[in-house]
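Contents: one structure, followed by commentary.
Every number in this text was worked out from the coordinates using simple rules, so none of it is lab data. Nothing here was measured: the structure is a model prediction, and the numbers come from that model. Cβ placement follows ideal geometry from the backbone for every residue including glycine, while neighbour counts extend to all protein chains displayed.
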């Protein structure tokens, strides 16, 4: 009996192992690189991670792209640089006639309009939709009207499902289109002011008395709204003239538009995505009024409803994507340059443990490491800088690591917040020795940041230098503000992520020694950190910002009043005014001067944030791989790569 | 027997339901916005509409809708990896964890039992002592320590096996060995002590006196009752192997379900968490039931009582 | 053949085992004493010391930090560095031992992180064992004594809790309980962290104990012990106290002792997964996990790996040896299926 048991065990064991190994293996790719965290999403409108950009911008092609060496914008899907109107607010792009999707279809202007329209739709919840709504005329209004309709339709759906008619829901319903619709059904109710409880209640009573058939109303409202979508979108400044011309009407001149258009949110979409649109019956909207698609449209092997799989227009196409394991990109045979591309297949491997990825790189199983976030990064930086490892490169990235001061709360977690006073902020800022942090604590090869916007990155922009580091002056400022050492020393709260431990401890020590201030270190995991930041439950917090595009406004816009990324709560009408003036300025040098003046308010006068350093991120490129150049955006197009083994 | 089975199934169902409820309560109690996965904030209107769409604006509704979906084996969307469904993620990751866990258990049994028997036969000799020492070391070594040492040995120094990844036997060897080690130790020790007791009993002495071949006595007559505690241990052990594989997965970079548990909780991804919990606890309940059934079948006293 | 049979059941390797047990107990006692003595010098381990010289310094017999940094003199802001005050007495000894095990990547002395780490891990283990004993014994005893429907329900609860994927529970407990506990402990999140781990690990370690105790109580009932006490007029409480409990103490103590190394092991797993003890609080698991994660082919920080992992393994070994010996002594017939 035991014998049988043991034999069965062995048999099961062998079968499991064999079944596991018997799968066809693919030929090895030309270039293999590691993406430690895997692809978060391949939806170009929704993506916000650099790793996702890397894949998307190789398999898709936008109107423009970046030069691999200089990062200057180059025409890609467009034929030549755009024609700009005299006042700089109308850009006209002529598309290449030989642009092709991966199934052979030509790339036309309507594909771009489709992609951009989807990007601003509420249902997509795109991180970078603000780039479209801020710049393209009529987009913000379209989004606002869509939001209104979605709110109303969601409320209607709930009512149709049998939920209660609360005053809030009644208020959500009173958009003008719905009121008109109600009138046609014989129901006359007043519009409500959303902030006024009383008016909401009166609308609620009116609607309850009218005994509306919610289901019918919902269906009609949905249908009417769907019918009006195209006419609503006609007001947006994305004009399709024929197949080969795309005209963009801007809200104001935007000299960096070509740089912007290379971002994934501006990528085109193939028409086959419409087959996966979520419909309510024959209405091309979800019951809540959202324009959404089956999220699996990004898969190359998804074929529900005759969907041909992910179709893209770049030099590569996505051949396979195994979740959290690997993805393979192969050359798009229909691409105009397909014949000249030397690197025919690229494998993206997912290895969460970066040390293991590095070991695989050393062993020759991996050719390229675009990210080396390891605990011994100082050692990597040393090898790169000393020249002992010529295959390690430090990319001076356009990104800033800074401290956020809470400029808005009176009390934080029961203690008085001293940072509403600019002198306290300046005191804390000036007591920091940035060079010591960069050279002794982190030792990663970062650059000391004297300004918020990195120097020598934005063409034509010379950022102002912030206040110098001066411990005596810092103490004087603190005393001026009423906190002379020895008497009332504040206990200050410093919020950060676990990865910032070294810096946090160094800063805490520095402030204690220089200013005599006790610092409470609070390390939180990222979700709790985000909550505390959003609720301003901090006095000092860490912050970082990666440049989205090559213009100082990508940094400075974060500090405008009410901006979603304005963690410090800085609100200065003068600053906002300067930025608006700069955006309206026609002369580029005037514009840059105004932006520098605005930045001076940040790093010299008000100091709501204090920049510490600009990141230097290491990458590893094997010597037999040519065509990959370390650059400030970590932009690595694979079409220029040659692999010599 | 059938009655016992039905009772266990019913109990298992209750267990899974309780686990689901407990997890759900914790999910809604923990603060954090599942819709904000990137660094930019989601618009309030969009969030409200998405909540309505995924039935997440009312907790009761979400509770029942999720269960209803789960009954259809549809665990809904995940917000962390928007391009995939929970089904796909769990479906790709769970078999990996289960494979490693099951193989580790089988290896542990196939190596541990003979080892224990061998040690018991040679009591108080160097074989026994070294076996005991090995056992103690085996249960005192954390798997991430053994795993990392094995990587350094086999992958870096001797370059025999690949470092990370998944797809072939060479990727299976080290994770299975690492996970099997503590269980081999436990099983060897259980077998050894079981064999001691059995070998000192009368019926064994009788068998030896009757002149039966010693190997037959040991392996055929004595081993069956000696294995009782081992079989009893297999149930909770398999459960431990399944959860223990999380650490092994992290050490070797294997795409199992452990990372999804941790990441889903840290990112407040309710759908993936609840789906993973449901599937995982169902598996645990099933394995416990199987092990208990095996135990019951083997132990004639209990079988009689049934 | 008969020779072998007669050997079985003999006393066997007692002397060797006794030596091993004695060695383990001595080791544990010494380590505990040493760690307790080292506590004052490690009390602000989250307060980093020197940043330049000591960062990632390999072990050396000479202390790498300056005496005044070690002395942690509170300098007033703006004051020049005072003359090096030589620390005296115990502090002097501690100062000379500072760099013996090397320094970590924040310049902290590994010696004065490892010793408190041992205390914290042992504390977690003991707390888990304590919870296991208290809750498990009470639960099992009540279920066994009362019997009937209550027994059924109580044991079903144990079965249900057995089915929980406990790692998920730990994650959720940690994520959910840490903020309110932090406010409870006045913003002291290390304590909140450790308490959450107590609760989480303790909440799964009492299950086996409950089962074992219930089994014991049931067999006690059957043996007529309890019945005769009842017949002689003793109240339930008296039965509990006088007759049942003493018999349980031995077994429960043994299993409780076995919970300690398991809890330490679980804590090390959780720390490795990132959900156990968080920085900067040290624990054996945390330091071992950090050491493992720093393994690379470029620069060897072997002391960050060898010393924590070594101490962890040796501690677990010692605890297992002692627990094992106790188990065999108290309960030699135990079916060690409860080795969990």
For chain B, what does the relative contact order come out to in percent, with C-alpha contacts under 8 Å and a separation of six or more? 27
Go ahead and estimate [θ] at 222 nm for chain A from helices alone: -39,500 (n - 2.57) per DSSP H run with n ≥ 4, summed, over the residue count, rounded to 500. -10500 deg cm²/dmol
Please give the average number of partner chain Cβ atoms lying within 10 Å of the Cβ of each residue in A:348-355, rounded to a whole number. 5
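Averaged across B:88-95, how many Cβ atoms of other chains sit within 10 Å of each residue's Cβ atom?
Working: counts 3, 2, 0, 1, 4, 2, 0, 1.
Per residue, the number of nearby Cβ atoms from other chains is 2 on average.
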Based only on the alpha carbon positions, what is the Kirkwood hydrodynamic radius of segment A:575-624, in angstrom? 13.4
What is the ratio of the Cα radius of gyration of segment A:173-321 to 2.2 N^0.38 Å, with N the residue count, to two decimals? 1.45
Calculate I(q)/I(0) for segment B:93-249 by the Debye formula, one identical point scatterer on each C-alpha and no solvent, and give its log10 at q = 0.09, 0.12, 0.14 Å⁻¹ to two decimals. -0.35, -0.58, -0.74
Cα-derived Rg over Rh, computed across segment A:139-233 with Rh taken as Kirkwood radius: 0.95
Hey, can you rank B:273-281, A:106-114 by average C-beta count inside 10 Å, highest first? B:273-281, A:106-114
Hey, what angle do you get for helix B:2-29 against the long axis of chain B, alpha-carbon based, 0 to 90 degrees rounded to 10? 40
Rounded to the nearest 500, what is the 222 nm mean residue ellipticity of chain B from helices alone, with -39500 (n - 2.57) per DSSP H run of 4+ residues and division by all residues? -24500 deg cm²/dmol
Kirkwood Rh for segment A:394-617 from C-alpha pairs, in Å, is 17.7
Any chance you could give the angle, 0 to 90 degrees and rounded to 10, that helix B:86-121 forms with the longest Cα principal axis of chain B? 10
Shielding by partners - mean other protein chain Cβ count within 10 Å, residues of B:53-60: 2
Using every pair of alpha-carbon atoms in segment A:1-138, split the distances into 5 Å bins beginning at 0 and state the percent of pairs per bin, rounded to integers. 2, 7, 10, 14, 16, 13, 8, 5, 5, 4, 4, 4, 3, 2, 2, 1, 0, 0, 0
Yeah, chain B with a ≥ b ≥ c from its alpha-carbon gyration tensor (a/c under 1.5 is rounded, else prolate when a/b outruns b/c, oblate otherwise) is oblate
Rounded to the nearest 10 degrees, the helix B:44-53 long axis (Cα) sits at an angle to the longest Cα principal axis of chain B of 50
For the protein assembly as shown, what is the Kirkwood hydrodynamic radius in Å, using each pair of distinct C-alpha atoms? 34.4
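For segment B:210-296, how big is Rg over Rh, using alpha carbon atoms and the Kirkwood form of Rh? Numbers along the way, then the final one.
Values: Rg = 19.3 Å, Rh = 15.6 Å.
Result: Rg/Rh = 1.24.
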Ratio for segment A:510-645, C-alpha Rg to 2.2 N^0.38 Å, reads 1.40
Using a 10 Å cut-off on Cβ atoms, rank the peptides C:117-130, A:75-88, A:337-350 from the highest mean neighbour count down. C:117-130, A:337-350, A:75-88
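Can you tell me how chain A classifies by the Cα gyration tensor, rounded, prolate or oblate, using a/c under 1.5 as the rounded cut?
Verdict is rounded for chain A.
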When Rg is the radius of gyration of the Cα atoms in segment A:232-388 and Rh is its Kirkwood radius, what does Rg/Rh come to? 1.06
How many angstrom separate the Cα center of segment B:113-182 from the Cα center of segment C:87-155? 28
Considering just Cα atoms, how many Å³ per residue does the convex hull of segment B:30-161 enclose? 225
How long is segment A:391-488 along each principal axis, judged by its Cα atoms, biggest number first, in Å? 54, 27, 27
